[in-house]
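Here the structure comes first, spelled out in structure tokens, and everything after it is commentary.
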Amino acid sequence: FTFKDNINRLFDLSLSILLHLNHPLNINFWSEQLKNLSMGNRDVYWTEFLRTSSKFNVQEVINELEFNSKKNISEFDDYLIQTIHLQAKLVMWFLTSTVRKFRDTATRSLYYYGRKFPNEFYNLLLYSFDINDPYINERMLAALYGICMARHYELDGEFVNEFLIPKAKEIYSNMFKKNAKYSTTHILKREYAFRILELALYHKQDLFSELQKRRIFPPFKDGGIRKWYRSKKFSKYGGGNSPLNMDFENYTIGRLVKKRNNYDYNNLEYQKVVSNILWRIKNLGYTSELFEEIDNDIVRMQSPSRNESHDVDRYGKKYSWIAYYEMAGYRDDKGLLEEDFKEPRIY
């Protein structure tokens, strides 16, 4: 057996106990093991296991969490509640996936979980902040924004006073104050976050001082990656072993550069942005040695001749999107995006 084969055997052996409340090797144990991995190694082993395992029905677990979270409170007993909390932690780890259906339905099920158990969801969000994969905490923040909008719309005064307002203060401290530990230039993550704060301000206008309010809304002057390095390790223009494909490099990244024409690869500002993004992709943990063979297999599986649904992204695309959104926020702060870049709203 290869090392990866042995890892998959361990995952297979763990499937029956992941959601056992008192088992020492349940998802609480595995969550700590996954959390301690580099992003690249976690994707090669765990995320690939989710995509390829014939023994683990990821969608069934996601659906079960949503089903349980929609039950009437009268149907809950302590055992079911504790099981749902374990399910939520497991589903949170599905957010690493490059299978779009898994990510989207996992986000939705976590939203319903948070509607029913907002405090437990919030604690899971805080836990996710320390996970080195932005795919996870981006979707956790998205779900929290949805939870807050829904409960706010219901005119739930208890939720507003006991959850929204105090949690908004914590999010400010975690993401927006000077030298905040989890500040970011990721344009999606921070917009989900400051929209939550905006909802809280709707209910309590003096929740933040004027100085604090100026730190909540864009453009931002600090936080996240403010020094971007350049990389030329990968081949240019989506060729060779580059994680970028040609359309992403030309059309998507091209949107980050003002007045740049499509296929203008000689634009100096564009060349700088591409090299910045390639640096960040490597910084996140993407290497050709880890992912080139896997990405080639994903592309082959989705070839038109196989009539496969194009619903699985390459890992190169996953890492590219993360770097793209972080660069978008940075350039937005610098006034380097076109005026209509976020119209309609970017997310």
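The values are calculated or read from the model by the stated rules, or taken from the named source; none is laboratory data. This is a predicted model, so every value here is computed, not measured. A quick note on method: Cβ atoms are made from the backbone with ideal geometry, for glycine too, and the neighbour counts reach across all protein chains shown. Surface accessibility is based on the protein's heavy atoms, side chains included, excluding ligands, DNA and RNA. Shrake-Rupley method; radii C 1.70, N 1.55, O 1.52, S 1.80 Å.
In a reduced charge model with +1 at each Lys and Arg Cβ and -1 at each Asp and Glu Cβ, the chain shows a dipole moment near 1260 debye about its Cα centre. Per-residue surface analysis assigns ILE298 an accessible area of about 0 Å², computed on protein heavy atoms at 1.4 Å probe radius. Couplings 3J(HN,Hα) for segment 107-115, derived from phi with the Karplus relation 6.51 cos²θ - 1.76 cosθ + 1.60 (θ = phi - 60°), are 4, 5, 5, 5, 4, 5, 4, x, 4 Hz, where x marks Gly and Pro. Computed over protein heavy atoms with a 1.4 Å probe, the accessible surface of segment 15-70 works out to 47 Å² per residue.
Accessible surface for segment 112-198, divided over its residues, is 37 Å² per residue with a 1.4 Å probe.
Remark: segment 272-278, residue by residue, has Karplus-estimated 3J(HN,Hα) of 5, 5, 4, 5, 5, 5, 5 Hz, where x stands for each Gly or Pro and the curve is 6.51 cos²θ - 1.76 cosθ + 1.60 at θ = phi - 60°.
Between HIS203 and ARG226, residue separation times 0.36 nm minus the direct Cα-Cα distance comes to 5.0 nm.
Under 1.5 on a/c is rounded, so check that first for segment 92-251, then, if it is not, pick prolate when a/b is larger than b/c and oblate when it is not; a ≥ b ≥ c are the square roots of the alpha carbon gyration tensor eigenvalues. The shape class here is oblate.
Distance between the C-alpha centers of segment 251-292 and segment 52-114? Whole Å please. Going from one Cα centre to the other spans 35 Å.
With all protein chains present, how much of the accessible area of segment 1-88 (probe radius 1.4 Å) comes from carbon and sulfur, to the nearest whole percent? Provide the component values of the computation, followed by the final result.
Values: 2550 of 4780 Å².
Exposed carbon and sulfur together represent 53 percent of the surface.
Across segment 175-185, coupling constants 3J(HN,Hα) worked out from phi with the 6.51/-1.76/1.60 Karplus curve, θ = phi - 60°, read 10, 10, 5, 4, 6, 4, 4, 10, 5, 7, 9 Hz, and Gly and Pro carry x.
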